[in-house]
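Working notes for the structure below.
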Amino acid sequence: MDFKVNSVGADYKLAHALLVYQSSQDGRAYVTKHPVALSEGRPVVRPGRPLTEGDFKDLVEGLKPKDRPAIQWQDPRVLAKGMGRMIWWTAPTKRAMFFKESTFASGTFEGNAVCPNPGLIFMSTDTELYVFAFRGDGAPTQETHLCQAPFFNVWSQGKVCVGNARVPNDDQKGDPSAWERFFFGSLFTHPNFTEKDRLTKGVSPVKFWQSQVKKPTNAFPEKVLVDINIKVTDLLKLDFFERKHVRAQGEF
């Protein structure tokens, strides 16, 4: 019983069979490996032996590359992953930021510089990215209070306005760094809402980022962060995306 796989141009012969024995009491199982021979044109399973670790490794090596189990690195910044979303954090740092004047909003500007950023919490889905800020430089916990991300192109719920930018490819969507490159590699064009003290407290967001581009501070001034009514643990809730809006402190 031979056949040819045209895609790889190789002949494959039926060589072994794996039999799985499972307990009806506790569900535990073990596997035996059996040679297969042809008798009058029909395959016959011969007596076998328990499958060894070496057999398993040989089986994995024999599979096509795309089917092989992969060992994936788990970024230590990842806080949670599952149910179609990934949540991770970054410590306060400086990043290259690029601003472009917008034809849809007044008072925007063009410029670029390496600017300080506060600690950030990112959350990605298959097609969307959310970003929030937090105070301090230590790793956040579930009880860490979040702030509005003080960036242009971010809505009050933390959702990033993608515009014409392309989100990471399927093979990169599990990589936090790919999402960060997507976000900071995009052009910051304008604030997504105009309420006073809603994006940055005590200063207009345009003036704030203009000053940072002109003369960046050593660290992000946390006094301009706007508190919102959610914690990190709220991002874990299944109904998070059903929220109509996230209020800033003092809003009703």
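The values are calculated or read from the model by the stated rules, or taken from the named source; none is laboratory data. None of the values given here were measured: they were computed from a predicted structure. Note that each Cβ is placed from the backbone with ideal geometry, even for glycine, and that neighbours are counted across all protein chains shown. Heads up: the accessible areas ignore ligands, DNA and RNA and are worked out on the full protein's heavy atoms, side chains in. Shrake-Rupley method; radii C 1.70, N 1.55, O 1.52, S 1.80 Å.
Select, from LYS173, LYS196, LYS214, the only residue that is within 13 Å of ASN112 (Cα to Cα) and of a type in the set (Lys, Arg).
After ruling out the rest, the residue left standing is LYS214.
When only residues in the range 164-203 that are of a type in the set (A, V, I, L, M) and open to solvent by 30 Å² or more (accessible area, probe 1.4 Å) count, which is farthest from the chain's Cα centre (by Cα)? Don't jump to the end; show me each part of the working.
Taking the range 164-203 and keeping what is of a type in the set (A, V, I, L, M), we get 165, 167, 178, 187, 199, 203.
Add one more test, that the residue is open to solvent by 30 Å² or more (accessible area, probe 1.4 Å), and what stays is 165, 167, 187, 203.
Details: ALA165: 17, VAL167: 11, LEU187: 21, VAL203: 32 Å.
Residue satisfying both the conditions and the ranking: VAL203.
Is it fair to say GLY107 is at pLDDT below 90, at positive phi and in a loop (DSSP other than H, G, I, E, B)? Lay out the reasoning, then the answer.
On the way: at pLDDT below 90: yes; at positive phi: yes; in a loop (DSSP other than H, G, I, E, B): yes.
When the stated conditions are applied, GLY107 passes them.
Of the numbered conditions (1) among the β-branched types (Val, Ile, Thr); (2) under 15 Å from TRP88 (Cβ atoms); (3) open to solvent by 20 Å² or more (accessible area, probe 1.4 Å), THR103 satisfies every one except a single condition; which is it?
Every condition holds for THR103 apart from (2).
Quick check on this structure: which one of VAL167, VAL203 is farther than 28 Å from ALA80 by Cα and of a type in the set (A, V, I, L, M, F, W, C)?
On the way: VAL167 fails: farther than 28 Å from ALA80 by Cα.
Testing whether each residue is farther than 28 Å from ALA80 by Cα and of a type in the set (A, V, I, L, M, F, W, C) leaves just VAL203.
Tell me, which residue of the range 204-217 that is open to solvent by 30 Å² or more (accessible area, probe 1.4 Å) and touching a Pro at 6+ places or on another chain (Cβ under 9 Å) is nearest to ALA96 (Cα to Cα)?
So the residue we want is PRO216.
What are the pairs, 6+ residues apart or on separate chains, where a residue within the range 128-140 that is part of a loop (DSSP other than H, G, I, E, B) has its Cβ under 7 Å from a residue that is β-branched (Val, Ile, Thr)?
Hits for this filter: PRO140/ILE121; PRO140/VAL232.
Let me confirm something: among MET97, MET86, MET123, which residue is surrounded by 15 or more Cβ atoms within 10 Å (Cβ to Cβ) and within 24 Å of LYS223 (Cβ to Cβ)? Break it down stepwise before answering.
On the way: MET86 fails: within 24 Å of LYS223 (Cβ to Cβ); MET123 fails: within 24 Å of LYS223 (Cβ to Cβ).
Result: MET97 is the single residue among MET97, MET86, MET123 that is surrounded by 15 or more Cβ atoms within 10 Å (Cβ to Cβ) and within 24 Å of LYS223 (Cβ to Cβ).
Return the residue satisfying two criteria in turn: it lies in the range 236-252 and is of a type outside the set (Lys, Arg) and either in a loop (DSSP other than H, G, I, E, B) or at pLDDT 95 or above (or both), and of such residues it is surrounded by the most Cβ atoms within 10 Å (Cβ to Cβ).
Per the stated criteria, the residue is VAL246.
Name the residues in the range 41-75 that are at pLDDT 85 or above and open to solvent by 100 Å² or more (accessible area, probe 1.4 Å), would you?
Residues satisfying the conditions are ARG42, ARG46, PRO47, ARG49.
With the checklist (1) in a loop (DSSP other than H, G, I, E, B); (2) out of contact with any Ser or Thr (no Cβ under 9 Å at 6 or more places or on another chain); (3) more than 19 Å from SER124 (Cβ to Cβ) in hand, flag the one item PHE151 doesn't pass.
(3)
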